[in-house]
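Here's the structure, in structure tokens; my notes come after.
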Amino acid sequence: MSRDFNAPPVVFPSGGGATAANPRRPPFSSAMAPQFQPPRPANSASGASNPALPFMSFDMSAAAASTSTAPPPSLFTSSTIPTSSFEDEPPLLEELGINTRQIWRKTVSILNPIRVNSNLHEDGDLSGPFIFLMAFGLFQLLAGKFHFGIILGWVTVAAMFLYFVFNMLLGRNGNLDLYRCFSLVGYCMLPMVMFSAISLFVPRGGIVMFGLGLVFVLWSTRVCTRLLAEIASCGDEHRGLVAYACWLVFCLFSLLVIF
């Protein structure tokens, strides 16, 4: 059994009769909308300012004029740009205190045992001696001998021994410090390095090996004695004793290579 429901008809408004077709919905007018008034500034002449809402006045014309004349800000100003370039920077070795030119000049002076320039060895350094000692240990390693610790220890003891002997002979006139003595002994190890390299191609225990050892020991002894005597102002009169001490030192290194 069906039931009938009384529902009002739905009329869609069109054109100007929209308000008349739907009497239940009043027409919308601008008078019914809520009126919102913006707050007036504090310096307006029409009304007083509210003390609870402070306002700040800005001069927009002055701000626009200042922004138009001022240059745009830049992130990279003259204070942040470095004044020096990478080309002006010194090499890394010179910053670490390693002067390769000076090392090369000292090495060339050691290669000439007759004319040794003692002026180059006035300023001691440990870069060249360390290179020579590492090369000496490398050649010994190629010969099947691991002597890095022994070489460094013997050179330290040898430098202290020559420093003690030289200053005991000269007394108060001795002006040789331990740092410069270590530098001289390290540079005078260059003939021993050459002997260690040549010994790789020479049979061990033969007369040739002993003959080469004698030649290189005399070479190192002469160079070291001359440098010690010329660097010190009063070392000429004790040249023989200094030469004997240098002979003992470099004989130990030659025996390390031979045996």
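Coordinate-derived values only; no laboratory data. Predicted model, so just to flag it, every value in this text is computed and none were measured. Glycine gets a Cβ as well: all are built from the backbone with ideal geometry, and neighbour counts include every protein chain shown.
Out of the residues in the range 195-207 that are of a type in the set (A, V, I, L, M, F, W, C) and farther than 13 Å from F250 by Cα, state the one that is surrounded by the fewest Cβ atoms within 10 Å (Cβ to Cβ). Going through the qualifying residues, I end up with F201. Each residue in the range 192-208 was checked for being touching a Leu at 6+ places or on another chain (Cβ under 9 Å) and more than 14 Å from L142 (Cα to Cα), and 1 of them qualify. Going by what's in this entry, would S109 be described as among the polar types (S, T, N, Q) and in contact (Cβ under 8 Å) with a residue 60 or more places away in the chain? When the stated conditions are applied, S109 does not pass them.
The number of residues in the range 221-259 being of a type in the set (S, T, Y), within 18 Å of N119 (Cα to Cα) and either in a helix (DSSP H, G or I) or free of Cβ contacts under 8 Å to residues at least 60 places away in the same chain (or both) comes to 1.
Just to be sure before I move on: is V108 out of contact with any strand residue (DSSP E or B) (no Cβ under 8 Å at 6 or more places or on another chain) and either closer than 21 Å to W247 by Cα or hydroxyl-bearing (S, T, Y) (or both) in the structure I sent? Answer is no for this residue.
Okay, residues lined up against (1) within 32 Å of the chain's Cα centre (by Cα); (2) of a type in the set (D, E); (3) buried (at least 22 other Cβ atoms within 10 Å of the Cβ):
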residue	(1), (2), (3)
L142	no, no, no
G149	yes, no, no
A159	yes, no, no
F164	no, no, no
L169	no, no, no
N175	no, no, no
R180	yes, no, no
G186	yes, no, yes
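Looking across the range 99-130, the residues that are among the β-branched types (V, I, T), assigned to a helix (DSSP H, G or I) and surrounded by fewer than 17 Cβ atoms within 10 Å (Cβ to Cβ) come down to T100, T107, V108.
Pairing residues of the range 158-176 that are of a type in the set (G, A, S) with residues that are surrounded by 14 or more Cβ atoms within 10 Å (Cβ to Cβ), at Cβ distances under 6 Å and at least 6 apart in sequence or on separate chains, gives A158/V185; A158/V249; A159/C181; A159/F182; A159/V185; G174/N167.
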